[in-house]
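Notes for the one structure printed next.
All of the numbers you see were taken from the coordinates with simple rules; none came from a lab. Keep in mind it's a predicted model, so treat the numbers as computed, not measured. No Cβ is skipped: glycine too gets one built from the backbone with ideal geometry, and neighbour counts run over all protein chains shown.
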């Protein structure tokens with residue numbers, strides 16, 4: 001069952017629509033995929049769906065995902081991210097409490113605390129002081145989520161993150177929180193406010209100007225392919241915990257700065273990027289964020305990455321080039 005009312009198009013425009021993926025699912029799985037054009041904030045509609053089916057697994061990825069957009073409509077952002085999550089959890093508790101509930105949280109729950117780390121400016125990226133405890137593997141779950149600027153998006157996701165934990169720890173339900181870095185892949189419909197690798201590749205391929213916001217374009221993100229994320233979800237599903245939290249992303253295995261990504265995409269596509277630079281960074285944006293996935297790996301030692309940044313970018317560029325030719 002898919003529950004999605006294509007709010008992504010409302011957030012980011014027609015090109016960010018989920019209708020294409022919905023259509024592909026319905027075409028490829030006509031006998032066993034059912035789609036509900038339902039808003040997760042509608043308690044009665046969600047109740048009817050959960051009351052009808054005895055779910056084994058709920059993967060909650062529905063969100064308003066941009067901290068820039070959240071500032072435009074804080075109530076929309078909070079009711080989707082926080083209230084919508086609570087509605088899903090309560091119906092899960094009432095109608096299928098033996099199921100596993102997986103929630104895609106975000107590294108933005110840490111606010112701008114990562115920017116207080118001892119960072120070093122290099123030619124194409126920022127890096128952390130090699131003597132710091134996070135240098136070898138990245139940021140782990142011990143980082144505080146308090147006393148920082150989260151953006152309104154980050155605050156609404158903190159609320160959701162905590163309530164998912166609480167339904168696990170208080171009610172004893174099998175809930176897992178995955179605090180993602182950049183989650184991406186060839187089907188990612190990137191937009192300026194969300195999905196930087198996909199959107200950057202798209203701009204370079206079609207010759208559209210791309211705007212870098214602050215930090216000299218040296219800000220670093222780790223990137224995890226959708227395949228690797230779903231394989232992590234599968235491991236948790238088969239051996240779930242109650243209210244557990246994991247940082248999940250590309251880690252030291254797969255990370256890149258904007259400037260490095262520009263160079264790599266230009267190399268892959270043979271196209272030249274058109275770049276505009278805005279000196280002011282986005283509010284609460286991270287300068288350097290790399291996820292430490294050690295905790296998840298310790299719980300699920302047979303999980304391994306299939307994709308690194310180079311492989312991810314090649315897949316994205318091929319998919320976007322083919323799409324552009326068809327258009």
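Some values worked out for this structure:
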| item | result |
| --- | --- |
| Centre separation in Å (Cα based) which lies between region 83-116 and region 202-248 | 17 Å |
| Relative contact order computed over the chain (Cα-Cα under 8 Å; 6+ residues apart), in percent | 20 percent |
| Cβ crowding within 10 Å averaged over residues, with 46-58, 101-113 ranked highest first | 101-113, 46-58 |
| Neighbour-count ranking [beta-carbon atoms within 10 angstrom, fewest first] of 269, 211 | 211, 269 |
| 282, 8 arranged by Cβ crowding within 10 Å, fewest neighbours leading | 282, 8 |
| Mean Cα-pair separation over length for region 214-327, i.e. relative contact order, pairs under 8 Å, 6 or more apart, % | 44 percent |
| Highest-fluctuation residue, 16, 160, 187 considered, GNM on the chain with Cα pairs under 10 Å | 187 |
| Antiparallel %, DSSP beta bridges [both residues in region 2-326], to 5 | 20 percent |
| Residue exposure sequence - 310, 302 - by fewest surrounding Cβ within 10 Å | 302, 310 |
| The chain: most fluctuating residue of 146, 228, 39 per GNM, C-alpha cutoff 10 Å | 146 |
| Calculated FRET efficiency for the pair residue 136/residue 32, C-beta based, R₀ 45 Å, to 0.05 | 0.55 |
| Backbone N under 16 Å from the residue 72 label point (7 Å along Cα→Cβ), restricted to region 261-292 | 283 |
| Fluctuation leader among 93, 72, 252 - the chain, Gaussian network, Cα springs under 10 angstrom | 72 |
| Approximate spin-label separation residue 306-residue 280, in nm, with each point projected 7 Å along Cα-to-Cβ | 4.3 nm |
| Relative contact order (%) - criterion: Cα under 8 Å, at least six apart; region: region 44-116 | 48 percent |
| Rounded, prolate or oblate (a/c below 1.5 giving rounded, otherwise prolate when a/b exceeds b/c) for region 102-216 by Cα gyration tensor | oblate |
